[in-house]
Structure formats: C-alpha cells, structure tokens
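Trainee: Got a structure here, written out as structure tokens. Questions coming.
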Amino acid sequence: MPQENDNIINELTQGEYKYGFTSDIETDYIPMGLNEDIVRLISSKKNEPEWLLEFRLKAYRYWLTLQMPTWPHLTIPDIDYQKIYYYASPKKKEGPKSLDEVDPELLKTFDKLGIPLHEQKMLSGMAVDAVLDSVSVKTTFKESLAELGIIFCSFSEAVKDYPELVQKYMGSVVGYADNYFAALNSAVFSDGSFVFIPKGVRCPMELSTYFRINAINTGQFERTLIVAEDDAYVSYLEGCTAPMRDENQLHAAIVEIIINERAEVKYSTVQNWYPGDKQGKGGIYNFVTKRALCKGDHSKVSWTQVETGSAITWKYPSCILRGDHSVGEFYSVAVTNNYQQADTGSKMIHLGKNTSSHIVSKGISAGYSQNSYRGLVKVAAKAENARNFSQCDSLLLGDKCGAHTFPYIDVHNETAIVEHEATTSKISEDQVFYCNQRGISTEDAIGLIVNGYAKEVLNKLPMEFAVEAQKLLAISLEGSVG
Amino acid sequence: MLTIKNLHANVNGKEILKGIDLVVKPGEVHAIMGPNGSGKSTLASVLTGNPAFEITEGDISFYGKNLLDLLPEDRAREGVFLSFQYPVEIPGVSMVNFMRTAINEQRKYKGLEPMSASDFLKMMREKKEYVELDNKLANRSVNEGFSGGEKKRNEIFQMAMLEPRLSILDETDSGLDIDALRIVATGVNKLKSSENSTIVITHYQRLLDYIVPDFVHVLYKGRIVKSAGKELAYELEEKGYDWIKKELGE
Ligand SMILES: Nc1ncnc2c1ncn2[C@@H]1O[C@H](COP(=O)(O)OP(=O)(O)O)[C@@H](O)[C@H]1O
Ligand SMILES: [Mg+2]
C-alpha cells in the first residue's frame with residue numbers, strides 16, 4: 001500500500017501555486033528585443049564556435065519568413081518579440097567549479113524548490129542540472145557519471161567540451177526549419193542539458209534538469225539533447241517552475257533524443273510553470289518541440305508527461321520509429337483549470353517494420369479552461385506490421401470548460417493495425433457526496449478521483465516524481481468544484 | 001441521541017419532507033417503511049447533508065450538536081453513516097485507498113494519529129469477515145463492476161470499518177437474494193451495540209425478520225403517519241399500503 005497517500009492528502013489542503021516566489025538574484029540582461037545583433041551577442045556571450053553562430057543566424061533568418069501558426073485550438077494573444085529579454089543570467093564568476101562558488105541566493109532558490117544542489121543532501125539516485133533563466137548554474141554527480149563514460153552537463157559546456165557530438169546531433173531530429181518556435185529557439189537558445197550514454201551503459205541514476213524562470217520579461221529558450229548509443233539506457237526527468245507575474249512569459253524549448261539499437265530512453269516531465277491567476281492574468285506560454293528518433297532496431301522511447309502549469313501549453317512529444325521493431329510510448333496527464341489552455345498530444349511516425357506505439361492521454365479540465373488532445377499516427381508505406389493503440393480520455397469538472405480530441409490517422413500500409421479509443425466523463429456530485437459521506441472532504445475527494453483517473457500515467461513516473469505529481473494534480477484543481 | 005423536529009425539505013423547489021418528528025435513542029433500531037416516492041431516501045439524504053436538498057424548516061440534533069450546521073464530511077466523522085440505496089462507482093480509486101483515507105480523516109477529526117498501514121490492513125481483513133466480502137473486491141476500484149449484491153455488502157463492510165454511532169440503511173435489502181440478505185443482516189446485527197442506533201429504510205417486511213426493529217414508522221407523502229412496534233411491519237405486509245391510505249381517508 002502506498003505509504004505516502006496520507007502525506008499527499010494532508011498537503012492537498014494547502015493549495016495555490018507554491019513556487020511563485022521571486023529570488024533576489026543579481027541578473028545580467030542583454031538589451032531587450034530581437035535582431036541579428038542580439039543573436040550574435042548571445043553567441044559571443046557564450047564564446048561559441050563559428051558554426052554555431054551560423055546555425056543561429058540561418059535559423060533567425062528563416063524565422064523572419066514565418067508566421068505564427070494558427071491551427072491549434074488555442075487563443076494566443078499577440079506576442080511582441082521585441083519586448084522580451086532573450087538572455088538573462090545570474091551574475092557570477094565564469095563557470096563555478098565547486099559549489100562554494102555558486103551564489104548562496106541561488107542555492108537557496110533551488111533548496112526552496114526542493115532541489116538541493118549539495119550532492120550529499122540529494123536524493124540518492126538522482127543527478128540534477130539546474131537551469132536558471134538562460135544558464136545552467138550547477139550540474140551534480142557529473143564526475144561519478146563520467147567514470148562510466150556518461151556525459152551529463154549543460155548544453156553550453158557540451159558545445160565547449162564535446163563540439164563534435166553536438167554538431168553531429170543538434171538539429172538532426174528537430175531541424176531549425178521544423179516549425180515557428182523551433183526556428184526561434186534555434187536562433188536564440190541559451191542553455192539546457194546534454195546527455196550522452198555510451199554503448200552498453202545503463203545509467204545508474206535518474207538524470208534530471210530543473211528549469212526555473214526568475215527574471216522578469218525574460219523568455220526561456222533551452223535545448224536538451226540526449227543521445228543513447230547501442231544498448232544504452234537512461235531515465236531522464238524534467239521539472240520546471242516560475243514566479244507569479246502579471247505578464248506572460250515565453251518558454252520555447254527543444255528536446256531532441258537519438259536512440260540507437262536496443263537502447264531505451266525514458267523521458268518524464270512534470271510541468272508546473274506558473275499557470276496565471278484565477279482570472280487568467282499572467283502565466284507561462286509553454287511552446288515546446290520534443291521529438292525522439294528511434295534510429296536503431298529494437299530501440300524504445302517513452303514520454304511521460306504531467307502537465308499542470310502554464311497559461312498555454314502547446315506541445316506534442318513525438319516518436320519517429322525508424323528502426324525495425326522500435327517502440328514509442330506516450331503517457332500524458334494534462335490538467336487545465338481557471339483560464340488555462342492546453343493543446344497537447346503526440347505524433348507517432350512509423351517508418352520501420354514491426355514498429356509499435358502506444359498513446360495514453362488523460363485530459364482533465366476545470367474552470368473555464370480548454371483542453372485538447374491532438375495526435376497523429378502515421379504509418380509509412382514500408383512500415384510492415386505497424387501497431388498503434390491510442391486511448392484518449394477526458395475528465396470534465398464543471399460545465400464551463402472544454403475538452404476536445406483531434407486524432408489524425410494516416411496509414412499507407414495495409415498490414416497496419418491502428419486503434420483509437422476515446423471517452424469523456426465527469427466527476428459527478430454523487431461521487432463527491434459519496435466520499436463526503438465517508439468523512440472525506442470535497443477537495444480530498446476530487447484529489448482521490450483525479451489521481452485514480454490518472455493512475456495509469458502516474459504509475460509510469462519514477463517514484464519521487466509520482467508522489468510530487470499526485471500532489472500537484474490535486475493542488476492545481478483546488479477550488480474547481482463546489 | 002438523534003432528535004428530528006418538524007423537518008421540512010425541498011428538492012428543486014418541491015417540498016418532499018413536510019414536517020418529520022423522530023427520536024432515536026442509543027441502541028434502538030427504527031424501521032422506516034412506506035411506498036415508493038414517499039420521501040424515505042430524502043430523509044436519509046437530509047440527515048447526511050446531501051447538498052441537493054434544501055432544509056426549509058426544522059432541527060436535527062445529534063448528541064447535542066446541531067447536525068444542520070455541520071458539513072456532510074463532519075457529520076460522517078461524528079458517526080453518521082449511510083448505506084446508500086444506489087452506491088456510486090468511483091473508477092480508479094481502490095477500495096483500500098478510499099477506506100484508508102476515510103478512516104484517517106475520521107481519526108484526524110478525533111485528534112488521533114493516522115493508522116499504520118499494517119494495523120489498517122489487519123482491520124480490513126477482520127471487517128471483511130462480517131459480510132463475507134471477497135478479498136479481491138478490496139483491491140478493486142470503489143464499487144466499479146460490483147454486482148448489486150456486492151455493492152450492498154461493500155456498504156456494510158464500510159459501516160463495519162467506520163463503526164458509526166448512527167447507521168442509516170437505505171433499502172439495503174433491495175436486489176439481494178435470500179443468502180445475501182442473511183449475510184448482510186448478520187453483519188448489521190454483529191455491529192449492533194447498546195450505544196449505536198440503526199435506521200432501517202425498507203419497503204418490505206422481509207429484512208425486518210433479520211434485523212428486528214424496536215419501532216416501525218410509516219412515511220407517507222413526506223410525513224410519518226403511523227408509528228408502532230415491530231408488529232406494524234407484519235400488518236403492513238398483510239394489508240398493504242392502501243390500508244394506510246384508507247386510514248388517512250384518501
Ligand atoms: N434529486 C431529486 N430531484 C428531483 N426530485 C427528487 C430528487 N430526489 C427525490 N426526488 C423526489 O422526491 C420524492 C421522494 O423521493 P425519495 O425520497 O427517493 O422516495 P423513497 O426513497 O421513499 O422512494 C419523489 O417524488 C422523488 O421523485
Ligand atoms: Mg428510496
């Protein structure tokens with residue numbers, strides 16, 4: 001029996017966004033706005049090689065030719081790209097080599113978020129890369145992982161220390177021309193994480209990146225690049241929070257994963273960006289491109305996401321199943337409350353033979369929110385015996401919110417079996433009263449019911465995150481009933 | 001312990017309870033009978049605080065507390081238990097998790113520490129015996145896919161777990177075959193004590209062979225129109241509700 005249930009229930013009653021504080025950290029900004037000089041400035045701040053600057057400039061010039069797409073089921077206010085700081089970093093000496101050099105205020109910030117950066121204080125079995133605004137401030141357990149040949153470092157360090165790897169893989173899964181926000185990210189990205197698991201190595205601990213936006217009017221544009229060589233395995237976690245502010249802030253990230261033969265990558269996200277207030281003021285725009293390439297035969301990727309934060313979420317973690325017998329999985333819980341909007345789902349592109357994919361999407365809508373599942377299952381002509389099963393469930397709390405499902409199925413091989421199931425349900429007053437009658441308060445009842453509904457996905461998360469995620473689900477739905 | 005005075009209640013603006021008076025003392029079993037639609041379930045809902053019902057007049061006191069001032073969950077924690085006529089299904093929420101939450105909420109209310117996992121499991125094992133509840137049911141989601149009879153047994157199992165001071169059994173006999181009826185009734189009888197009281201709502205006399213009432217009340221059109229000892233149940237069985245209607249001059 002899960003021991004932690006009591007604690008979860010106890011914490012449910014606290015409510016509100018718990019991570020909304022701002023830290024008093026001296027911040028270096030570059031001038032506001034976006035133009036070629038800004039792109040060059042970011043690149044020079046990071047002492048980047050020429051090829052990377054060229055990559056950025058190509059991306060920037062391409063971005064200028066694009067219009068923001070209008071196909072999602074989202075209402076997005078105009079974004080003034082000249083009113084954003086594209087680079088903000090905590091003031092510090094160049095690259096702290098030991099923890100003593102890290103600004104104590106920064107350590108405090110991450111402590112407060114429950115992400116201690118002192119290795120001895122950390123949960124054993126988890127290494128963390130902490131990214132604040134535009135830069136990585138600290139990566140833990142780097143040395144012990146290096147003994148196994150595992151590279152886990154900030155993206156900037158990877159550019160410096162492993163330029164050939166970065167150059168080989170960056171943009172190979174999500175090209176700069178992929179979409180509007182991919183182009184923008186490719187032009188102005190500042191930091192992120194780099195993971196390389198060499199042939200035959202099972203990473204012995206969870207790797208995790210914690211993203212924090214602190215500075216005002218700043219966009220966060222990070223990139224994550226994960227490479228798993230043959231027979232490698234890694235489980236990777238991503239968490240994120242931001243202060244409460246009345247302005248919307250843009251977060252446009254790229255995650256690329258390359259998985260070789262028989263290798264497996266698990267990528268879990270607990271997305272808890274500031275969602276805006278009850279009237280829909282403020283909050284993060286979370287526009288992210290995440291894609292994994294199952295390159296080798298028998299390779300496997302699974303995306304698990306718990307999306308509770310952000311004013312607007314717009315993302316479709318995808319799997320390109322190129323290797324024969326490769327497997328793609330997508331497990332998602334997306335919660336929207338108040339005036340939040342989410343348009344999220346997955347793309348499964350079957351290219352290799354005997355590939356299979358599984359989609360489980362659980363949408364939970366409350367308040368005046370809009371929650372859409374959008375998914376594509378594509379089977380190419382040569383993909384013999386492809387299998388897909390998609391399950392898309394929507395749970396509605398109240399009658400002012402919306403749940404929508406947009407499944408696209410595109411099959412070019414007649415041996416494919418593609419199944420799609422969808423359900424919509426409500427938490428009924430009778431269910432809540434039944435719980436009440438057993439001594440369970442309405443808030444706790446909603447927490448129980450919602451966690452029960454999302455269980456199939458939460459079970460996919462690593463233990464520490466699963467507990468966190470259960471609490472989050474309940475908290476983000478507080479005040480949505482009764 | 002329970003005193004209901006001149007209770008009036010509406011649902012959707014329509015008056016269903018039209019002045020109920022009832023006193024239930026510790027250890028007593030009261031049966032409430034009456035034809036369909038007379039307001040029996042409504043009375044149960046009002047006692048337990050179902051927000052769908054509006055109290056327009058009257059008082060309910062329970063061990064000196066004004067029940068109408070308490071939230072439904074606090075009434076439950078005070079020891080008011082309802083075995084629902086139609087128990088709802090709660091998909092994804094395991095019985096274990098559900099009961100553990102319920103028990104610990106009740107303990108918190110009483111200022112007690114949460115129960116340890118092992119004590120809790122032991123208690124579950126013991127209490128399942130009362131109603132011969134299948135072990136498998138405890139691992140399933142609350143009432144999900146349970147047969148009608150299993151749902152009713154599950155209600156009594158929860159009653160055994162929560163050890164209420166006042167149990168209201170709303171048509172717990174309906175949908176049960178004779179064996180299941182005996183099991184449920186035996187469970188209820190085992191839980192009876194000189195401290196706690198039971199209100200048995202039924203419109204058949206059958207259940208009352210097993211759970212013997214001290215008083216029988218006939219609820220008709222929102223009023224208690226007749227109260228007597230257990231012999232009233234047999235009289236009703238024999239003469240039908242038309243007899244009551246005639247007596248009332250209808
Ligand atoms: N939620 C409700 N909405 C509308 N009418 C209701 C509701 N619940 C009960 N009623 C009405 O109240 C009356 C009494 O119902 P009920 O208390 O369920 O009777 P009983 O349990 O004695 O069969 C019936 O006329 C029924 O239709
Ligand atoms: Mg009834």
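Trainee: Report Rg(Cα)/(2.2 N^0.38 Å) for the protein assembly as shown, keeping two decimals. Don't skip to the answer; put the middle values down first.
Mentor: Working: Rg = 30.6 Å, N = 732, 2.2 N^0.38 = 27.0 Å.
Dividing the Cα radius of gyration by 2.2 N^0.38 Å gives 1.14.
Trainee: Continuing with this model, one more query. I need the phi-derived Karplus couplings for region A:165-176: 6.51 cos²θ - 1.76 cosθ + 1.60, θ = phi - 60°, integer Hz, Gly and Pro marked x.
Mentor: Karplus-based 3J(HN,Hα) across region A:165-176 equals 5, 4, 5, 5, 9, 4, x, 7, 10, 10, x, 5 Hz.
Trainee: Using modelled amide H (1.01 Å from N, peptide plane; none on Pro or chain starts), what sits under 5 Å from the amide H of B:ARG140, excluding residues fewer than 5 places away?
Mentor: B:MET95
Trainee: Over region A:244-324, what is the relative contact order in whole percent, taking alpha-carbon pairs under 8 Å and six or more residues apart? Let's see the in-between values first.
Mentor: On the way: 216 pairs, mean separation 31.2, N = 81.
This gives 39 percent for region A:244-324.
Trainee: I need two numbers for region B:178-243: Rg to one decimal and Dmax as a whole number, Cα atoms only, in Å.
Mentor: For region B:178-243, the Cα radius of gyration and maximum Cα-Cα distance read 12.7, 36 Å.
Trainee: Please list, in chain and number order, the residues 5+ apart from A:ARG262 or on another chain whose amide H is under 5 Å from its amide H, with Hs placed from the backbone.
Mentor: Counting only residues 5 or more places away or on other chains, the set is A:ASP231, A:ASP297, A:HIS298, A:SER299.
Trainee: Across the residues of B:45-52, average count of Cβ atoms on other protein chains within 10 Å?
Mentor: Working: counts 2, 0, 0, 3, 3, 5, 6, 3.
That average works out to 3.
Trainee: For A:TYR408, what charge total do you get from the other residues with a beta carbon under 12 Å from its beta carbon, if Lys and Arg give +1 and Asp and Glu give -1? Don't jump to the answer; show the numbers that get you there.
Mentor: On the way: positive: A:LYS347, A:ARG374, A:LYS378; negative: A:ASP410.
Its environment carries a net charge of +2.
Trainee: Can you tell me the order of A:52-61, B:194-203 when each peptide is scored by its average per-residue count of other Cβ atoms within 10 angstrom, highest first? Don't skip to the end; give the middle numbers.
Mentor: Numbers: A:52-61: 17.6, B:194-203: 20.2.
Per-residue mean Cβ counts within 10 Å order the peptides as B:194-203, A:52-61.
Trainee: Given Cβ point charges of +1 (Lys, Arg) and -1 (Asp, Glu) and nothing else, what value in debye, to the nearest 20, does the dipole of chain B about its Cα centre take? Walk me through the numbers on the way to the answer.
Mentor: Values: 33 positive and 37 negative charges, 69 e Å.
Dipole of chain B, to the nearest 20 debye: 340 debye.
Trainee: Still on this structure, please answer the following. How much space per residue, in cubic angstrom, does the convex hull of the C-alpha atoms of region B:1-57 take up? Mind showing how you got there, number by number?
Mentor: Numbers: hull volume 4.6 nm³, N = 57.
Spread over its residues, the Cα hull of region B:1-57 gives 80 Å³ apiece.
Trainee: Still on this structure: Can you work out the Karplus-derived ³J(HN,Hα) for every residue in region A:223-240? Use 6.51 cos²θ - 1.76 cosθ + 1.60 with θ = phi - 60°, whole Hz, and x for glycine or proline.
Mentor: Couplings: 10, 10, 10, 10, 10, 10, 6, 3, 6, 8, 9, 8, 10, 10, 10, 10, x, 7 Hz.
Trainee: Which value in Å does the Kirkwood hydrodynamic radius of region A:253-340 take, with 1/r averaged over all unlike C-alpha pairs and then inverted? Working shown, then result.
Mentor: Values: mean 1/r = 0.0725 Å⁻¹.
Result for region A:253-340, one decimal place: 13.8 Å.
Trainee: Enumerate the amide H contacts of A:THR405 below 5 Å, restricted to partners 5 or more residues apart or on another chain; note that Pro and chain-start residues carry no placed amide H.
Mentor: Result for A:THR405 returns A:TYR373.
Trainee: Calculate the spin-label point distance for A:ALA146 paired with A:GLN391, positioning each point 7 Å from the Cα along the beta-carbon direction, and give it in nanometres.
Mentor: Roughly 4.5 nm, to one decimal.
Trainee: Identify the trypsin sites (Lys or Arg not before Pro) of region A:398-482 meeting these criteria: DSSP loop state and at most 13 other C-beta atoms within 10 Å of the C-beta. Can you show the working numbers first?
Mentor: Details: sites: A:LYS400, A:LYS426, A:ARG438, A:LYS455, A:LYS460, A:LYS471; in loops: A:LYS400, A:ARG438, A:LYS460.
Within region A:398-482, the qualifying trypsin sites (Lys or Arg not before Pro) (loop, at most 13 other Cβ atoms within 10 Å) are A:LYS400.
Trainee: To continue, here is another question. Seen from all sides and averaged, what is the projected area of the convex hull of the Cα atoms in region A:331-465, in nm²?
Mentor: On the way: hull surface 37.1 nm².
Averaged projected hull area, Cα only: 9.3 nm².
Trainee: Here is a follow-up. How high is the FRET efficiency between B:ASP59 and B:GLU231 when r is their beta carbon distance and R₀ equals 35 Å, given to the nearest 0.05? Provide the component values of the computation, followed by the final result.
Mentor: Values: r = 30 Å, r/R0 = 0.87.
Calculated value: 0.70.
Trainee: Within 10 Å of each Cβ of B:91-104, how many other protein chain Cβ atoms are there on average?
Mentor: Numbers: counts 6, 11, 10, 5, 0, 3, 8, 8, 1, 5, 13, 7, 2, 6.
That average works out to 6.
Trainee: In region B:166-234, which trypsin sites (Lys or Arg not before Pro) are in a loop and have at most 12 other Cβ atoms within 10 Å, using DSSP for the loop call?
Mentor: Values: sites: B:ARG182, B:LYS190, B:LYS192, B:ARG206, B:LYS221, B:ARG223, B:LYS226, B:LYS230; in loops: B:LYS192, B:LYS221, B:LYS230.
Passing both the DSSP loop test and the Cβ count: no residue.
Trainee: Report, to one decimal in Å, the Kirkwood hydrodynamic radius for region B:1-113 based on all distinct Cα pairs. Mind dumping the intermediate values first?
Mentor: Working: mean 1/r = 0.0641 Å⁻¹.
Result for region B:1-113, one decimal place: 15.6 Å.
Each value in this text was obtained by applying a stated rule to the coordinates, not by laboratory testing. Note that the structure is a prediction, hence the values are computed from the model and not measured. Here the Cβ is made from the backbone with ideal geometry for all residues, glycine too, and neighbour counts use every protein chain on show.
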